[in-house]
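To start, the structure itself, in structure tokens.
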Amino acid sequence: MTTIANNLQQVLGRIAQACQAAGRSPGAVSLLAVSKTFGPDAVVQAAAAGQQAFGENYIQEGVEKIAAVREALPGASLQWHCIGPIQSNKTRLVAEHFDWVHTVDRLKIAERLSAQRPADLPPLQVCIQVNIDGGPTKSGVAPAEALALARAVAKLPRLAVRGLMAIPDHTPELEAQLAVHTSARRLFDEIAALREPGLESFDTLSLGMTADLEAAIQAGSTMVRVGTGIFGGRSYPAA
């Protein structure tokens, strides 16, 4: 078993244990393997171990990796999620190559994604990014504005609003992690309970990473985004 395959099994075990501790079914939480900065070979190894959903932060890198992996694994049914910031000049790449996008926090970006999504592809699955703990330098719409943005995005063609995503500031204390994740869950529940037209598929809370997935699952996350726990530490190029 490769290191990536072994790591993947350990992460899935953590998810199962966290679900059991929270009284939830393991099937209620999906795993997004964050493959940013790792090459196509790492994705191929993870796919061989059964992982099907992959997240990319850097759009150009992600597009190139998607093409390389499709060449290496023709016919594989992998799912690609854009989980990084989106500039206006990169919306076409996201619309044409990704299945999901977690980082919509402005209507302008959603409008461009909608207009540029090819008609022969399924609707792009969208999560609204929320700045749940109010960090002044962080992306995401303010919690009080999340519903209005979700409603506006839901009216656009070629997009399907699926839920919320948040990246709280890291804190090592479980209680603090749980508190901020629980606030995201409350906001998610408030919107989902409305069952408004265009929000019928509002079922995804993208919350939790390698260091805090247990707290996120306890709070109610339905999708955890794990990178280093699967692929190992990252080496970033010098600025």
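Only one of these conditions is not met by Asp169: (1) without any contact (Cβ under 8 Å) to a residue 60 or more places away in the chain; (2) among the acidic types (Asp, Glu); (3) out of contact with any strand residue (DSSP E or B) (no Cβ under 7 Å at 6 or more places or on another chain); (4) over 19 Å from Gly84 (Cα atoms). Which number is it?
Against the list (1) without any contact (Cβ under 8 Å) to a residue 60 or more places away in the chain; (2) among the acidic types (Asp, Glu); (3) out of contact with any strand residue (DSSP E or B) (no Cβ under 7 Å at 6 or more places or on another chain); (4) over 19 Å from Gly84 (Cα atoms), Asp169 comes up short only on (4).
I want to confirm something. Restricting to the range 105-142 and keeping residues that are of a type outside the set (S, T, N, Q) and assigned to a helix (DSSP H, G or I), which single residue is surrounded by the fewest Cβ atoms within 10 Å (Cβ to Cβ)?
Lys108
Per-residue answers, yes or no, for (1) modelled with pLDDT of 95 or more; (2) part of a strand (DSSP E or B); (3) of a type in the set (A, V, I, L, M, F, W, C); (4) more than 30 Å from Thr2 (Cα to Cα):
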residue: Ala144; (1), (2), (3), (4): yes, no, yes, yes
residue: Ala150; (1), (2), (3), (4): yes, no, yes, yes
residue: Leu156; (1), (2), (3), (4): yes, no, yes, yes
residue: Thr182; (1), (2), (3), (4): yes, no, no, yes
residue: Phe188; (1), (2), (3), (4): yes, no, yes, yes
residue: Ser201; (1), (2), (3), (4): yes, no, no, yes
residue: Ala216; (1), (2), (3), (4): yes, no, yes, no
residue: Val224; (1), (2), (3), (4): yes, yes, yes, no
residue: Ala238; (1), (2), (3), (4): no, no, yes, no
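Restricting the search to the range 156-179, which residues are under 19 Å from Glu200 (Cα atoms) and surrounded by 13 or more Cβ atoms within 10 Å (Cβ to Cβ)?
Within the range 156-179, Leu156, Arg158, Leu159, Ala160, Val161, Arg162, Gly163, Leu164, Met165 meet the criteria.
Regarding Arg162, is this residue of a type in the set (Lys, Arg), under 23 Å from Tyr58 (Cα atoms) and not in a loop (DSSP other than H, G, I, E, B)?
For Arg162, the condition - of a type in the set (Lys, Arg), under 23 Å from Tyr58 (Cα atoms) and not in a loop (DSSP other than H, G, I, E, B) - is met.
Across the range 62-104, what is the total count of residues that are of a type outside the set (S, T, N, Q), more than 22 Å from Ile167 (Cα to Cα) and not in a loop (DSSP other than H, G, I, E, B)? Talk me through it step by step, then tell me what you get.
First, the residues of the range 62-104 that are of a type outside the set (S, T, N, Q): 62-76, 78, 80-86, 90, 92-102, 104.
Then keep just the ones that are more than 22 Å from Ile167 (Cα to Cα); that gives 63-76, 78, 92-93, 95-97.
Cutting the leftovers down to not in a loop (DSSP other than H, G, I, E, B) gives us 63-72, 92-93, 95-97.
Looking only at that region, the number is 15.
Are there any pairs with C-beta distances below 8 angstrom linking a residue in the range 130-152 that is over 10 Å from Pro168 (Cα atoms) to a residue that is part of a helix (DSSP H, G or I) and of a type in the set (Ser, Thr, Tyr), with the two at least 6 apart or on different chains, and if so which?
Going by the 8 Å Cβ cut-off, the qualifying pairs are Pro143/Ser183.
Could you count how many residues in the range 1-57 are assigned to a strand (DSSP E or B) and within 23 Å of Gln218 (Cβ to Cβ)?
7
Does Trp80 count as among the aromatic types (Phe, Trp, Tyr), modelled with pLDDT of 95 or more and closer than 21 Å to Ala148 by Cα? Break it down stepwise before answering.
Numbers: among the aromatic types (Phe, Trp, Tyr): yes; modelled with pLDDT of 95 or more: yes; closer than 21 Å to Ala148 by Cα: no.
Criteria not met by Trp80.
Within the range 166-176, does at least one residue satisfy the condition of being of a type in the set (A, V, I, L, M), more than 18 Å from the chain's Cα centre (by Cα) and modelled with pLDDT of 95 or more?
no
The values are calculated or read from the model by the stated rules, or taken from the named source; none is laboratory data. All of these numbers come straight from a predicted model, not from anything done at the bench. Every residue, glycine as well, gets a Cβ built from its backbone with ideal geometry; the counts of neighbours run over all protein chains shown.
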